[in-house]
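Enquirer: Provided herewith is a single structure, encoded as structure tokens, for subsequent inquiry.
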Amino acid sequence: MSTGEQTRTAKGGANTDRPVPDGAGVRFADAVDGRLGVYGAAKRHLRKVFPDHWTFMLGEIALYSFIVLLLTGVFLTLFFKPSMQQVVYDGSYVPLQGIHMSEAYASTLEISFDTRGGLMIRQIHHWAALIFIAALFVHMFRIFFTGAFRKPRDINWLFGFLLLILAMLNGFTGYSLPDDLLSGTGLRIAEGVILAIPLVGTYLQFFLFGGEFPGEDIVPRLFTIHVLLVPAIMVGLVTVHLTLVWYQKHTQFAGPGKSEKNVVGQPFLPVYAAKAGGFFFLVFGVTALLGGMVQINPIWAYGPYNPGQISAGSQPDWYIGFLEGALRIMPNWEWNIWGHTLSFNVLIPTVILPGVLFTLIGAYPWIEAWITGDKREHHLLDRPRNMPVRTGLGVAWIVCYGVLWVCGGNDVIATHFHLSINTITWVGRFAFFIAPVLAYLATVRICKGLQRRDRDKVLHGRETGVIKKLPHGEFIEIHEPPAAGVRHTLTAHEQPKPYRLEPARDENGVARKVTRAQKLRSRMSHWYFAEPVAKPTVEEYRELAGDHEHP
């Protein structure tokens with residue numbers, strides 16, 4: 001080896017084939033990689049394969065809007081003053097000059113009218129919050145209807161569920177920070193909900209508000225919750241959620257070449273990373289357009305909060321609307337026991353009802369696993385039509401939520417359509433119990449109808465509209481058989497069997513003990529898989545297709 005080659009080898013480290021010595025940056029990277037093994041780990045992970053389907057973008061919308069929330073939130077934090085100290089406004093918004101208001105409200109006006117770009121950032125932040133929560137809802141619907149929550153992703157479903165609850169809580173706290181008349185009305189309702197909690201409600205109210213409503217501490221405490229406590233937990237949950245998505249291979253829809261043991265798609269780098277980067281700027285751009293062109297939450301039109309006033313037609317942000325609707329249609333039920341009042345008219349619609357609705361959503365992966373007895377890992381997604389009962393339950397939940405959400409605006413509906421608000425309230429009460437049941441029944445029938453259509457498509461093909469006359473005079477329509485890939489997609493789903501109880505006596509004639517839980521599970525399983533639509537068998541397909549291909 002020559003002296004020049006020895007010089008290049010000594011300086012270049014692993015890059016010995018280069019004609020010139022490596023620079024300091026390359027030598028530093030080689031030194032780091034030699035100690036930490038970064039290159040090998042990065043190469044392995046950055047080539048990770050992700051499947052491609054438009055529904056997977058729903059989770060990306062939630063992630064990117066969350067990033068926009070963090071960026072705009074940092075800007076607003078620098079100018080907002082979380083204080084309920086009373087000041088006299090002397091800013092540039094003339095209609096409110098000389099009005100007594102809290103520093104929180106005055107600083108929000110200053111952000112809106114006197115800080116360069118402040119109003120746009122405020123509105124981007126608000127729109128991003130609405131998009132974030134909406135994307136979380138729709139993303140969870142996609143996971144629910146396709147069965148992506150099953151083992152091993154049931155824990156990740158729980159993290160996503162907690163993220164949704166915290167997002168709704170943080171949205172409400174941020175909505176209440178400006179201390180305007182509209183948000184103050186929402187805080188007043190929240191105080192009533194806290195007071196309705198038996199035994200501890202009064203203590204919780206004094207602890208949160210620092211005394212009688214509205215107190216002097218609620219805005220500073222909401223500010224701490226909004227910018228520090230909840231966001232820190234949410235960042236942690238998002239990190240864990242994405243880490244689990246990365247660690248557990250991504251789910252995919254059934255198709256040719258796809259199985260429970262592989263992932264068919266594009267590598268993260270460069271394909272998926274390029275798409276994700278472009279999609280981030282698209283989401284950011286749409287949010288910026290909304291913030292710059294569509295007005296939201298004009299607090300100057302409401303004025304500062306005054307406990308003796310209330311704004312007409314007040315409505316919360318959409319994700320809290322279902323609580324408002326539940327309150328409005330709840331009958332005035334109260335019990336007076338030993339000198340104490342139990343306000344069921346507040347406790348049931350705002351604590352018990354949402355607790356039941358959201359607890360069922362959070363616990364559903366384990367409920368379904370118990371009913372079906374399925375403990376296997378699943379990496380292929382279900383088509384919603386192939387799980388009619390699950391799909392029907394999801395639609396029923398959405399309809400229940402939607403009925404409450406519509407009822408939250410019963411006063412606006414009454415004034416705009418000149419209807420009786422009492423009539424609207426009673427219609428909402430009946431619809432809350434009837435509409436979800438009808439939605440469930442209709443969805444199950446639609447799903448089974450789609451299953452039958454898939455079965456007919458596999459066996460008889462697609463109607464082409466071409467009529468052919470046979471030699472003996474009969475007219476028939478030509479059917480085009482589906483492609484092999486389409487047949488695979490239509491028939492790849494499993495057909496689980498209901499859980500059956502063991503015989504009353506074993507092979508020795510000894511009576512078996514059957515618990516109530518086993519009997520309940522058997523009944524639930526038979527309901528869950530009731531009247532299945534059988535997939536076409538190989539013999540049926542061969543008989544009708546006239547060849548030896550397998551569906």
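Enquirer: Calculate what fraction, in whole %, of the accessible area of the chain sits on carbon and sulfur atoms when a 1.4 Å probe is rolled over the protein chains.
Expert: Numbers: 19970 of 30620 Å².
Answer for the chain: carbon and sulfur cover 65 percent of the accessible area.
Enquirer: Continuing with this model, one more query. Separation between the R462 and R445 pseudo-spin-labels, each 7 Å from Cα along Cα→Cβ, expressed in nm?
Expert: Modelled inter-label distance: 2.9 nm.
Enquirer: Continuing with the same structure: Would you please give the FRET efficiency between E334 and T202, computed as 1/(1 + (r/R0)^6) with r the Cβ-Cβ distance and R0 = 22 Å, to the nearest 0.05?
Expert: 0.85
Enquirer: Same structure, new question: Provide the gained length on full extension for the span I67 to A530, in nm with one decimal, where the gain is 0.36 nm per separating residue minus the Cα-Cα distance.
Expert: On the way: separation 463, 0.36 × 463 = 166.68 nm, distance 4.43 nm.
Separation in residues times 0.36 nm, less the Cα-Cα distance, equals 162.2 nm.
Enquirer: So if R0 is 51 Å, what FRET efficiency would R429 and H472 give, r being the distance between their Cβ atoms, rounded to the nearest 0.05?
Expert: 0.20
Enquirer: Be a star and scan the stretch 256-294 for residues whose amide nitrogen sits under 18 Å from the point 7 Å along the Cα-to-Cβ vector of R47.
Expert: Within reach of a label on R47: 262-274.
Enquirer: Let me ask you something else. Please give me the summed charge of the neighbours of H493: other residues whose Cβ is under 12 Å from its Cβ, Lys and Arg +1, Asp and Glu -1.
Expert: +1
Enquirer: What fraction, in whole percent, of alpha-carbon pairs in the stretch 212-332 exceed 17 Å separation?
Expert: Of the Cα pairs, 81 percent sit more than 17 Å apart.
Enquirer: Please give the FRET efficiency for D506 paired with I367, using the beta carbon to beta carbon distance and R0 = 22 Å, rounded to the nearest 0.05.
Expert: The formula returns an efficiency of 0.15 here.
Enquirer: Now for a separate question. Could you pull the Cα extents of the stretch 114-205 along its three principal axes, largest to smallest, in whole Å?
Expert: Principal extents (largest minus smallest coordinate, Cα): 48, 47, 16 Å.
Enquirer: List the trypsin sites (Lys or Arg not before Pro) within the stretch 93-151 that fall in a DSSP loop (any state other than H, G, I, E or B) and whose Cβ has at most 12 other Cβ atoms within 10 Å.
Expert: Taking the stretch 93-151 and a limit of 12 other Cβ atoms within 10 Å, the loop trypsin sites (Lys or Arg not before Pro) found are R116.
Enquirer: Same structure again: Can you show me the helix-derived [θ] at 222 nm for the chain, built from DSSP H runs with n ≥ 4 at -39,500 (n - 2.57) apiece and divided by the number of residues, rounded to the nearest 500.
Expert: Helix-only estimate at 222 nm: -19000 deg cm²/dmol.
Enquirer: Which of K151/K535; K151/K249; K448/K535; K375/K497 have a Cα-Cα distance over 19 Å?
Expert: Listed pairs above 19 Å: K151/K535.
Enquirer: Determine the per residue accessible area of the chain with all protein chains present and a 1.4 angstrom probe, expressed in square angstrom.
Expert: With all protein chains present, the chain gives 56 Å² per residue.
Enquirer: Order of 334-347, 95-108 by packing, highest average Cβ count within 10 Å first?
Expert: Per-residue mean Cβ counts within 10 Å order the peptides as 95-108, 334-347.
Enquirer: Give the label of the value calculated from the structure for Cα Rg over 2.2 N^0.38 Å, choosing from (i) 1.25; (ii) 1.12; (iii) 0.90.
Expert: Working out Cα Rg over 2.2 N^0.38 Å from the coordinates points to (i).
Enquirer: While we're looking at this one, here's another question. With a point put 7 Å past each Cα toward its Cβ, work out how far T239 is from E377 in nm, to one decimal.
Expert: Modelled inter-label distance: 2.6 nm.
Enquirer: Next question, about the same structure. Starting from the 7 Å offset along Cα-to-Cβ, what nm value, one decimal, do you get for the label separation of H100 and Q518?
Expert: Output for this residue pair reads 7.3 nm.
Enquirer: For the ranges 358-369, 162-173, 455-466, what's the packing order if you count other beta-carbon atoms within 10 Å of each residue, average per peptide, and put the highest first?
Expert: By packing density, highest mean first, the sequence is 162-173, 358-369, 455-466.
The values are calculated or read from the model by the stated rules, or taken from the named source; none is laboratory data. All values reported here derive from a predicted model rather than from experimental measurement. Cβ: placed from backbone, ideal geometry, glycine included. Neighbour counts: every protein chain shown. Side chains included, ligands, DNA and RNA excluded: accessible areas come from the protein's heavy atoms. Shrake-Rupley method; radii C 1.70, N 1.55, O 1.52, S 1.80 Å.
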